[in-house]
Every structure is written in C-alpha cells, then in structure tokens.
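The values are calculated or read from the model by the stated rules, or taken from the named source; none is laboratory data. Please read these numbers as outputs of a predicted model, since none were measured by experiment. We place every Cβ from the backbone using ideal geometry, glycine too, and count neighbours over all the protein chains shown. For the accessible areas, the whole protein counts, side chains as well, though only heavy atoms, and no ligand, DNA or RNA atoms are used. Shrake-Rupley method; radii C 1.70, N 1.55, O 1.52, S 1.80 Å.
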Amino acid sequence: MAARILLRSGRNYSAVSEASVLTIGGAKGGAGKTVTAINVASAVRSVGYSVVVVDADLGTTNVADILELDCETSIHKVLAGEADIGEAIVTTETGLDVVSGGDSLEYLIDADPAELRPVIDTLADSYDVVIIDTGTGLSHEVLVPFGLADGVVLVSTPKNTSIVDTRKTAEVVEKVDGTLLGVVVTRVTDDTDVDRVRDQIDLDLLGLLSDDPQACKTEPVVMEAPDSDLADGYRQLATTLIRLENDRKDADGDDQ
Ligand SMILES: Nc1ncnc2c1ncn2[C@@H]1O[C@H](COP(=O)(O)OP(=O)(O)OP(=O)(O)O)[C@@H](O)[C@H]1O
Ligand SMILES: [Mg+2]
C-alpha cells in the first residue's frame with residue numbers, strides 16, 4: 001500500500017487502519033442520499049474516525065450548498081486534472097471535511113468520472129473513512145463510485161416507486177462488481193407499513209430513519225439535534241457500517 005500522505009500541512013490524518021470507502025447511492029431523486037452521506041459521516045467522525053465526504057453527484061453537486069460551504073476549488077476542477085485533491089478539501093464548522101462542487105459551471109464538461117478512482121485512492125491514504133455521495137439515475141458517473149467502493153449503501157423512501165428503483169440499482173451494483181451492504185429506508189412515519197417495505201425491498205435492511213423536518217437544516221441533524229430519533233437512526237447506521245467494514249477487514253486479513 002502507498003505510504004500515507006498529509007494532504008494539508010498541520011493536520012494529522014493518520015488512519016488507524018486501512019480506509020473504508022463507502023458509496024451512498026439510489027436511483028430515485030430526493031430519497032435522502034446526500035443528507036444520509038453527511039449525517040453518517042458526522043456520526044462516524046464523532047466516534048473518532050477521520051472522515052471526508054466526496055460529492056460525486058457531478059451534474060448537480062449540492063453538498064456545499066446544503067452545508068453552506070464555499071468550495072473555491074471544485075471536485076470538477078480536480079476531475080478535470082486542473083487541481084490537486086488536497087486543494088479541494090473544505091472543513092465545516094463542525095469539523096467535517098468535504099470535497100464538493102462550487103457555483104461555477106467551469107470544468108463541469110471536462111470533469112472525467114473515471115478520474116474519481118485515483119482521487120478516492122489518494123483520499124483513502126489519508127482518511128479512515130471516505131464517503132461518496134452520488135447522484136440520481138444510473139449514469140457512468142454513478143457506476144464508477146459503485147464499482148470502486150468497499151461497500152455501497154442504497155437509500156430508499158418507503159414508496160413503491162423508490163423501492164422498485166432501489167432494487168434495480170442493487171442489480172446494477174452487482175453488474176459493476178460492487179459490494180452492496182444493504183438498504184436504508186428514510187422518511188419513515190408512524191403510518192409506514194414496515195413489514196411491507198421489508199418484504200418489497202428483499203435486501204439487507206441497514207436501518208429505518210424517521211421522517212423529520214430537522215433533516216433539512218444546514219448543520220447535520222446528528223450535531224444539531226443529537227437527541228432526535230433521526231440522529232439516533234444515523235448513529236445506529238454508522239455503527240452498523242463500521243461493524244460491517246471491520247468484519248470485511250477481518251475476513252480480508254484471514255484470506256492473506
Ligand atoms: N429523514 C428525512 N426526513 C425529512 N426530510 C428529509 C429526510 N431526509 C432527507 N430529507 C429531505 O429530503 C430532501 C432530499 O434529500 P437529499 O438531498 O438528501 O436527497 P438526495 O437523494 O440526495 O436527492 P438528489 O437525488 O436530488 O441528490 C431534502 O430537502 C432533505 O432535507
Ligand atoms: Mg443528493
């Protein structure tokens with residue numbers, strides 16, 4: 001493995017073990033992928049891991065908008081080969097490192113999704129966990145992060161259409177040799193028929209997340225409203241993902 005590097009001076013990014021690269025996906029728009037990526041990252045960070053969120057929703061990057069961050073160097077510029085990844089990392093007030101797009105459309109056309117792999121490899125040398133947020137649909141820019149991740153988490157709402165898209169997305173993850181960790185269902189209310197959702201999804205269910213307007217706030221709900229059910233759901237999801245990743249690393253170690 002390549003030697004770990006420091007992307008920015010003065011920061012200790014030493015990883016406790018080999019990194020975990022997790023992609024958050026799901027073909028249906030607005031299911032809660034980005035909010036999930038940000039909150040899982042915050043929850044993972046709060047238990048001591050170094051984490052970076054990468055906004056790979058290249059067409060409509062919005063992690064920076066949601067977190068109200070000024071990303072001077074965009075992910076597009078990095079993927080266009082015009083900037084180093086270290087220049088594109090911005091830290092939120094709560095300490096979360098983020099790589100996202102900016103307001104400018106410059107470099108959008110030249111941003112090559114295939115370049116994500118070396119970029120993520122570089123980040124994985126410096127962080128414990130890399131979380132990739134993806135866009136809607138099943139285009140090449142979504143398939144690349146599915147294929148390169150150690151694990152893919154799909155986000156669905158309880159709606160039939162969202163579940164159908166989620167199952168289709170799971171098939172696509174398999175086709176690109178990705179590793180599906182399971183599905184997380186957001187926007188769950190007291191009226192949600194959880195048994196129907198579980199039966200229909202018929203894939204590993206990683207968690208059920210409450211419908212909560214606090215999800216729309218600028219600060220991640222795990223920081224802003226840590227006592228809420230939604231924050232608790234994200235913390236449990238983060239714990240589950242860490243456990244699955246530790247199991248994977250143990251199994252990889254046993255194979256060597
Ligand atoms: N658990 C939740 N409860 C209530 N609202 C939520 C929840 N999760 C997400 N939302 C809201 O739903 C909207 C869509 O969320 P988000 O942007 O995370 O979805 P997405 O899947 O990333 O969408 P896109 O496909 O456009 O990237 C946002 O307004 C967000 O605040
Ligand atoms: Mg999104």
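Counting the residues of the stretch 65-97 that are under 22 Å from THR136 (Cα atoms) and either within 12 Å of ligand 2 (Cβ to nearest atom) or touching a residue at least 60 places away in the same chain (Cβ under 8 Å) (or both) gives 4.
Those helices (runs of 4 or more DSSP H) of the stretch 23-119 in which at least 1 residues are among the small types (Gly, Ala, Ser), considering only elements entirely within it, cover 33-46, 63-66.
Cβ-Cβ distances below 8 Å connect the following pairs, each with a first residue in the stretch 120-141 that is over 23 Å from THR240 (Cα atoms) and at pLDDT below 95, a second residue that is polar (S, T, N, Q) and not in a loop (DSSP other than H, G, I, E, B), and a separation of six or more residues or different chains: LEU138/THR169.
A count restricted to the stretch 127-156 and to residues that are within 16 Å of ligand 2 (Cβ to nearest atom), assigned to a loop (DSSP other than H, G, I, E, B) and open to solvent by 20 Å² or more (accessible area, probe 1.4 Å) stands at 4.
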